[in-house]
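Below: one structure, written as structure tokens.
The values are calculated or read from the model by the stated rules, or taken from the named source; none is laboratory data. Fair warning: this is a prediction, and the values are worked out from it, not measured in the lab. Positions of Cβ are backbone-derived with ideal geometry, glycine not excepted, and every protein chain shown enters the neighbour counts. Each accessible area value is taken on the protein alone, full model and side chains, heavy atoms only, with ligands, DNA and RNA left out. Shrake-Rupley method; radii C 1.70, N 1.55, O 1.52, S 1.80 Å.
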Amino acid sequence: MAKKRVQKNAENEKSPKINNAPTFNKHYEKLDKEIVFEFGGPWGATAMMIGFPILMYYLWGCLQFYRGKLVSPFDGQLWSQIFKGTYPTWYATKIYVSFCLFELFLAYFMPGPIVKGAPVSSLKGKKLDYLCNGVASWYATIVTSYILHHYGWFRLTEIIDNFGPLMSVAVITGFVITLVIYVTTMVQGKQYRMSGYLMYDLFMGAALNPRLGRVDLKMFAEIRIPWVLLFYISVSAAIKEYELFGYVSASMAFMVLAHFLYVNACAKGEECIPTTWDMTYEKFGFMLIFWNFAGVPFTYCYATIYLHNTSIDNKQPIQHSQLWTYFCYALLLSGYYIWDTANSQKNRFKMITNGSYIPRNTFPQLPWGTLKNPTYIKTKHGNSLLTSGWWGIARKIHYTADLMMAFSWGFITGFNTVIT
């Protein structure tokens with residue numbers, strides 16, 4: 001019955017018009033001031049701030065030294081090997097910091113459209129400007145990395161060869177930036193929704209929209225660091241495989257493709273991000289900072305790390321049957337299509353109702369990415385809920401597609417380890 005009512009209401013609604021969304025909503029002003037403990041409150045947040053890095057080191061150690069076998073986390077030999085293999089070096093620091101600064105430079109200076117975000121309740125409904133130059137920055141990064149590698153100024157294989165130290169530098173960077181942003185925000189008196197519990201506030205963050213000139217640091221950290229670095233970890237492993245064996249296996253090529261699709265999607269659709277919940281509500285604390293600077297690039301790459309280590313051990317890359325390889329590629333590409341177009345439909349609908357939609361020709365523009373005359377229903381708080389396209393089929397279909405891609409990343413490694 002509920003489904004029929006939704007369909008009936010959707011049919012009676014007219015297509016959304018530009019600027020038909022309320023500019024300020026008292027409900028969200030009230031919500032913005034509420035302190036609701038998530039993730040187990042102060043104790044849970046503290047446990048995750050300690051546990052995340054430990055888990056990263058443990059899983060990497062299992063992949064690096066035991067080829068994916070889950071050994072006892074109390075094994076002293078394991079941690080001795082991890083300590084030696086991940087000790088942060090000055091060379092790794094130069095690689096990681098140079099990469100971050102280069103991406104920040106691009107985010108500041110490269111051209112791109114300026115898009116209005118959604119109304120921010122804590123700013124009395126003000127819409128912030130976001131410089132969306134992700135595509136130009138992404139292409140500039142590809143060209144620069146090619147030049148550096150081709151002329152031997154920085155061989156991309158250095159990334160996989162220094163993975164352990166790079167991970168430690170990233171972990172340290174995540175903690176340092178968390179503290180710097182927190183202290184700076186408190187000194188400036190720009191903190192929001194503070195609980196009064198230090199560890200919880202460090203985890204959730206104090207700043208809502210921290211900026212460095214015209215660069216929104218939260219959007220920068222979400223897009224320009226994790227996915228680009230993840231892609232280059234796979235590229236590094238693929239080049240290393242080619243140097244060792246004279247070819248790149250279908251499995252390693254799969255990981256390069258998978259990570260390329262993800263980072264390219266983030267770049268080509270960056271203008272959709274300013275209207276998301278992440279930008280308007282989530283604060284910039286350890287949860288977002290650490291995950292973007294360390295967690296995503298150095299955990300989502302486990303399939304790549306496993307394929308790389310196994311090929312070295314076996315003196316040849318992992319080979320699957322053609323049928324299984326085709327299945328993995330098909331699962332990846334179909335999942336990606338649903339994920340890309342579903343997110344595009346949802347976010348462009350938001351941009352249309354927000355008055356910030358800008359048609360773009362960034363590659364690739366997939367069929368059914370923008371809905372014509374979409375139907376929707378109004379919520380009790382005055383928002384528009386999309387009921388067309390993929391969102392007329394399932395409410396969280398982009399997560400289903402995300403899982404399809406995630407499983408394909410694991411399937412391409414086989415079934416000898418549960419980590420991938």
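Placing unit charges on the Cβ atoms only, positive for Lys and Arg and negative for Asp and Glu, gives the chain a dipole magnitude near 1640 debye about its Cα centre.
In the range 154-235, a dipole from Cβ-located charges (positive for Lys and Arg, negative for Asp and Glu) runs towards its positive end, and of Gly205, Thr157, Ile225 it is Gly205 whose Cα lies farthest in that direction. For the range 347-420, the set of chymotrypsin sites (Phe, Trp or Tyr not before Pro) satisfying both a DSSP loop assignment and a count of at most 11 other C-beta atoms within 10 Å is given as Phe415. The trypsin sites (Lys or Arg not before Pro) of the range 364-420 that meet both conditions, a loop assignment by DSSP and at most 14 other Cβ atoms within 10 Å of the site Cβ, are Lys372, Lys380, Arg395, Lys396. Less than 5 angstrom separates the built amide H of Lys126 from those of Val120, all sequence-distant by 5 or more or on a different chain. Taking the chain as a Gaussian network of alpha-carbon nodes connected by springs under 10 Å, the highest mean-square fluctuation of the residues Asn209, Asn133, Asn373 belongs to Asn373.
Here the contact order of the chain, divided by its residue count and restricted to Cα pairs under 8 Å and six or more residues apart, works out to 23 percent. Translational diffusion of the range 204-262 was estimated from the Stokes-Einstein equation, with Rh taken as the Kirkwood radius over Cα pairs; at 37 °C and 0.692 mPa s the coefficient is 244 µm²/s. Amide H to amide H, with H built 1.01 Å from N, Tyr376 comes under 5 Å of Glu13, Thr387, counting only residues 5 or more places away or on other chains. Apolar share of the accessible surface for the chain: 65 percent from carbon plus sulfur atoms, 1.4 Å probe.
Charge dipole of the range 47-131 (Cα centre as origin; +1 on each Lys and Arg Cβ, -1 on each Asp and Glu Cβ, all else neutral): 220 debye, rounded to the nearest 20.
For the options Glu38, Glu158, Glu241, a Gaussian network treatment of the chain with springs between C-alpha atoms closer than 10 Å singles out Glu38 as fluctuating the most.
Taking the Cα atoms of the range 43-159, the ratio Rg/Rh between the radius of gyration and the Kirkwood radius comes to 1.12.
If you look at the Cα atoms of the range 345-420, you get an Rg and a Dmax of 16.8, 51 Å.
The solvent-accessible area of Leu212, taken with every protein chain present and a 1.4 Å probe, is close to 90 Å². Of all the options Tyr96, Tyr306, Tyr197, the one that moves most in a Gaussian network model of the chain with Cα springs shorter than 10 angstrom is Tyr197. Can you bin the range 281-383 into rounded, prolate or oblate? Criterion: square roots of the alpha carbon gyration tensor eigenvalues sorted a ≥ b ≥ c, rounded for a/c under 1.5, prolate for a/b above b/c, oblate for the rest. Since a/c reaches 1.5 but b/c is at least a/b, the shape of the range 281-383 is classed as oblate. Each residue of the range 315-323 is assigned a 3J(HN,Hα), and the resulting list reads 6, 6, x, 5, 10, 10, 5, 4, 4 Hz, derived from the Karplus form 6.51 cos²θ - 1.76 cosθ + 1.60 (θ = phi - 60°), x at Gly and Pro.
In the full protein context, the range 244-353 carries 33 Å² of accessible surface per residue, based on a 1.4 Å probe and ignoring ligands, DNA and RNA.
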